[in-house]
Amino acid sequence: MPLPIILPKFGFTLETADIVQWLKKDGDTVRAGDPICEVTTDKVNMEVEAPEDGTLISPLYEVGTTVPVTEVIAYLLRPGEARPTQLPARPASSAAVAAAPTPAPQPAEPLAPSPASVAATPVAQRMADAANIDLSQLKGTGPNNRITRRDVETALTHPAGKVRATPAARHTARENGLDLAAITGTGPRGRIQSQDVLTAAAEHSQPAPQPTAAPAAANLPRTVKIEGMRRTIATRLQKSFQTAPHIFFDAQVDTTAIDSLRARLKARGDKLSVTTLLVKASASVLLRHPYLNATTDGEEIALWPTANIGVAVALDSGLIVPVVHHAETRSLRDIQATVDDLAARARASTLKLNDMQDGTFTISNLGMFGVDRFTAIINPPQVGILAIGRTIQQFVPDASGQPVLKSFMNITLSADHRVVDGAQAANFIQDLRTVLEDPALIVW
């Protein structure tokens, strides 16, 4: 019997992935561990591997399809196993995304199953059955008018007869005497925008009402849908800030020794970034403060024996946090090379899953953007994040009271108060400042 190959659940919060390319085709011989296809999530590309030796048969999804995790994506014939006469059906290309929770069905006589002539994704069919929706009454928006999960969700949240339109569009339609049901919307999920109403009014040669003129198209905002990486970031950070009670701790670090060390290395042709030094210093200090080097699910606290430091990298599409693993055991040279490599691959969208996993603490450095100081939101399930501001110069009194010009850097720790007490966080900041002001202590 063919062995089903499922789309793995690569991450704790991952629900779907897109098929980027099939690396093996129907009938290809594969060995256990061979990559058979490449998929992408909201943040990284990953490869799905063959679970055993055998022959790949019947890839079920086309390139570009969004597939729920744990769904079967292909089958594998073990060595010596005959190819079955009837292969598993290949679904049409569709947005086969995981089903969202649906409202409980109202007491009613169950509808008969949709006729075979109604094309719908399996997820859409299951949602329709659960909510007693007749798929034959829906208009599909998928390829070849196939009904998708989104079409069923629209039917659930916006019953037939109710037109989806913005308040501004409704107001403009009333002023122009137009029926919204006759207007095609161009907004998200077909929502009618005010510009759609203005376009319809112009087509019907109906003058705009006086004295209030409808706004010009150039003055209307551009709508950007929250999706992909931006949706993932929004969901995770909203949950973090609502769930974890954040406490914040500011400190000013004298960077004289850091500046001197970096200048000496630069003279030798070596590069040492402030971020790299922060990764190494934080790793060395975190092992002395285990409740900062921790993760939590709200029920238990995991105290990690190694410091895996996430480094926030800003992309045009959002923020991504690759991880420097076992930073406490690595040299500054090695960490610098790793940070550079991770940042380059993050911008090229070639990070792998292991580049993102098992982070225990995060550093977000915005000093290069001229930010003096800021507070960062904790990256769950971690319990601490360090925000770094720019280095500034200011006069301070020396031992004899005379003004001396020195450089200082602002650092701000955000900690989850469910796990970290104020004294613990203060001690961590104090130890970190001591190490940063005397980098030689990193090796102690």
Q.
Being assigned to a loop (DSSP other than H, G, I, E, B) and modelled with pLDDT under 75 narrows it down to one residue among Pro84, Pro110; which is it?
A. Pro110
**Q.** Of all residues making up segment 377-408, the number that are outside any strand (DSSP E or B), without any contact (Cβ under 8 Å) to a residue 40 or more places away in the chain and not polar (S, T, N, Q)
**A.** 3
Q: Name every residue in segment 67-83 that is touching a residue at least 24 places away in the same chain (Cβ under 8 Å) and farther than 11 Å from Leu7 by Cα, in order of residue number.
A: Tyr75, Leu76, Leu77, Arg78, Pro79, Glu81, Arg83
Q) Within segment 65-72, is there a residue that is on the phi > 0 side of the Ramachandran plot, surrounded by 20 or more Cβ atoms within 10 Å (Cβ to Cβ) and either outside any strand (DSSP E or B) or modelled with pLDDT of 75 or more (or both)? A) no
**Q.** Subset of segment 19-36 that is touching a Cys at 6+ places or on another chain (Cβ under 7 Å) and in a strand (DSSP E or B) - its residue that is nearest to Val69 (Cα to Cα)
**A.** Ile19
Q. Within segment 368-413, how many residues turn out to be buried (at least 20 other Cβ atoms within 10 Å of the Cβ), touching a helix residue (DSSP H, G or I) at 6+ places or on another chain (Cβ under 9 Å) and closer than 17 Å to Arg433 by Cβ?
A. 7
(Q) Take Thr276 and tell me if it is in contact with a helix residue (DSSP H, G or I) (Cβ under 6 Å, 6 or more places away or on another chain) and either touching a residue at least 60 places away in the same chain (Cβ under 8 Å) or over 26 Å from Ala440 (Cβ atoms) (or both). (A) yes
Q.
With the requirement that a residue be crowded, with 21+ Cβ neighbours inside 10 Å, touching a residue at least 40 places away in the same chain (Cβ under 8 Å) and not in a loop (DSSP other than H, G, I, E, B), what does segment 39-55 give you?
A. Met46, Val48, Gly54
Q.
If I ask for residues that are farther than 17 Å from Ala387 by Cα, at pLDDT below 95 and either in contact with a Leu (Cβ under 7 Å, 6 or more places away or on another chain) or in a loop (DSSP other than H, G, I, E, B) (or both), which ones from segment 301-327 would you list?
A. Asp316, Ser317
Q.
Quick check on segment 10-22. Is at least one of its residues more than 20 Å from Thr235 (Cβ to Cβ), modelled with pLDDT of 90 or more and surrounded by 16 or more Cβ atoms within 10 Å (Cβ to Cβ)?
A. yes
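The values are calculated or read from the model by the stated rules, or taken from the named source; none is laboratory data. From a predicted model like this one, the values you see are computed outputs, not experimental measurements. Note: ideal-geometry Cβ built from the backbone for every residue, glycine included; neighbour counts use all protein chains shown.
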